[in-house]
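A quick write-up on the structure given underneath.
The values are calculated or read from the model by the stated rules, or taken from the named source; none is laboratory data. Only a predicted model underlies this, so the values are computations on that prediction, with no experimental measurement involved. Virtual Cβ from ideal backbone geometry, glycine too; neighbours counted across all protein chains shown.
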């Protein structure tokens, strides 16, 4: 048998089987990419009968030609190169995906040439493209689901908050609390599904920013204390001495750390009926400027049976299948917590005894930072939203609320009125643009999914088609979308901030106070234009208003130029005549400030009176009308 194999090799029959009759396409090309040899598989794989003498590069797809040439150059400099993907022109004028491994003959025989062993990878690429399409479809489905669920939840939570401020009987308060609890459960469920999907697809990104560990922990506990106290439970924080003595600044993702802690502490509260929850934190500093932070979350709750501990972190698993029905949730909370810990290089474990309690322990390594690593704009990210000390007074802040959902619009408007904002409402982006053209606002709260014109298109239109200051008005994405990457998409469209629905009044207040300028007067005392008379006269026909503005902006400069020329020539009769001609147009545009001045110029010019003061009055009239024209251009 062995002798037969040696003879097979000696007679070079293997060359015919592997190279001549093999399924791979073999090319031999020189350093100028000219094809000097190819095996018969060229015909079977890409349909060409003879490519000898042709240039390999000329058969590449134009979109990848430059990239493949770069790979060729790398192949010329190394003995071997592998897995270079390219699209090659077939005999039927279609392109096929191939991949080559190269052998450089220069290194073995000092010959400037390459052997290219090419394999058909069309099926693999189709599978990849199908996977990408499936992933995009899944992401789109999750985005739609997020929006369709969050929108009604926002309305429900909003109405609950409004009703909570009204006088209620004990029975009504009880029912309202039940509705609120159900809405909160729905929020948890949708957040779990979105996070789990992001982790599964590998698209969950972690920040690396400076944060104060103690501040993060305190914020989390403060946000959950009320829930614990409602059940008669106490949350005890136990931090080792060397951590509390120094403000420990770490580099990492404080939001994800908060999420893990909230999940585990919330779980402990859920399954503990009496006693306490203890949060212990230990810091172990390493020699490489890193620290291992160990957290123990212990409770005196119902405990977990020993046989269930192995599966407690599995997807959709809970210690008892009836727990989901009894306590709510998705069964994803612990799975997500485990993955968030491990994706940050940490470990998580659990110990428990039925009837005694449970302890979850997790360790995450962090790089040690300094005060310089904590930026002002990152301090708010250190944990859950903190309550604002009192109801904000946003007196006179002009808000354009763009929202197509009636209930959500009612909820937001009600809150804004309590804060003494001046509100205009719009049901879609097109109406919002019309209102912004004819009025001044300080901020726009912009829903994303709307009929006629959506929020992204509206924001882009404001940034590209308006003149300052309206062009730069703060725009806040006010949306039920909550997938990773949404925020970047809104910022790219020209928006300044993002509020996810369902939102709390506190979250809305934090954003609005960022943009509120109390020192800036909200009245129109410095404005020349008042279009209220024109709108009343045409019964709010916006097309007519815009036509009148365009006509005034287009024709008035010619009259002003004539007036300026007449004044230079001291032709005061002509100046008075032109003032008379301009006067009714000023009334139409509501330029009341010029009412007396234009009359004085008209009469002085026609009657040749007060000629000493007429030049300065004429100049003031011309300058002020020009200023009014600039204001009108912003509205056009």
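Quick notes
- Only one of the listed residues (125, 76) is surrounded by 14 or more Cβ atoms within 10 Å (Cβ to Cβ), more than 17 Å from residue 25 (Cβ to Cβ), touching a strand residue (DSSP E or B) at 6+ places or on another chain (Cβ under 7 Å) and not assigned by TED's automatic domain parsing to the domain that holds residue 479. That residue is 76.
Results for (1) over 18 Å from residue 558 (Cβ atoms); (2) at pLDDT below 85; (3) in a helix (DSSP H, G or I), shown as yes or no for each residue.
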| residue | (1), (2), (3) |
| --- | --- |
| 580 | no, no, yes |
| 585 | no, yes, yes |
| 597 | yes, no, yes |
| 617 | yes, no, yes |
| 620 | yes, no, yes |
| 626 | no, no, yes |
| 629 | no, no, yes |
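- Residue selected from the stretch 38-49 under the condition in contact with a strand residue (DSSP E or B) (Cβ under 9 Å, 6 or more places away or on another chain) and over 12 Å from residue 90 (Cα atoms), by the criterion surrounded by the most Cβ atoms within 10 Å (Cβ to Cβ): 38
Residue-wise test of (1) crowded, with 16+ Cβ neighbours inside 10 Å; (2) assigned by TED's automatic domain parsing to the domain that holds residue 28; (3) not in a helix (DSSP H, G or I).
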position	(1), (2), (3)
71	yes, yes, no
81	yes, yes, yes
88	yes, yes, yes
93	no, yes, yes
96	yes, yes, yes
99	yes, yes, yes
114	yes, yes, yes
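- Residue within the stretch 298-306 that is at pLDDT 80 or above, surrounded by 18 or more Cβ atoms within 10 Å (Cβ to Cβ) and touching a helix residue (DSSP H, G or I) at 6+ places or on another chain (Cβ under 7 Å) present: yes
- The set of residues in the stretch 50-64 that are out of contact with any strand residue (DSSP E or B) (no Cβ under 9 Å at 6 or more places or on another chain) and either free of Cβ contacts under 8 Å to residues at least 12 places away in the same chain or at positive phi (or both) contains only 62.
- Filter result for residue 502 (at pLDDT below 80, within 24 Å of the chain's Cα centre (by Cα), in a loop (DSSP other than H, G, I, E, B) and under 26 Å from residue 418 (Cβ atoms)): yes
- The stretch 371-415, subset in a loop (DSSP other than H, G, I, E, B) and farther than 30 Å from residue 212 by Cα, residue modelled with the lowest pLDDT: 393
- Unique residue being buried (at least 22 other Cβ atoms within 10 Å of the Cβ) and in contact with a helix residue (DSSP H, G or I) (Cβ under 8 Å, 6 or more places away or on another chain) when the list is 496, 408, 414: 408
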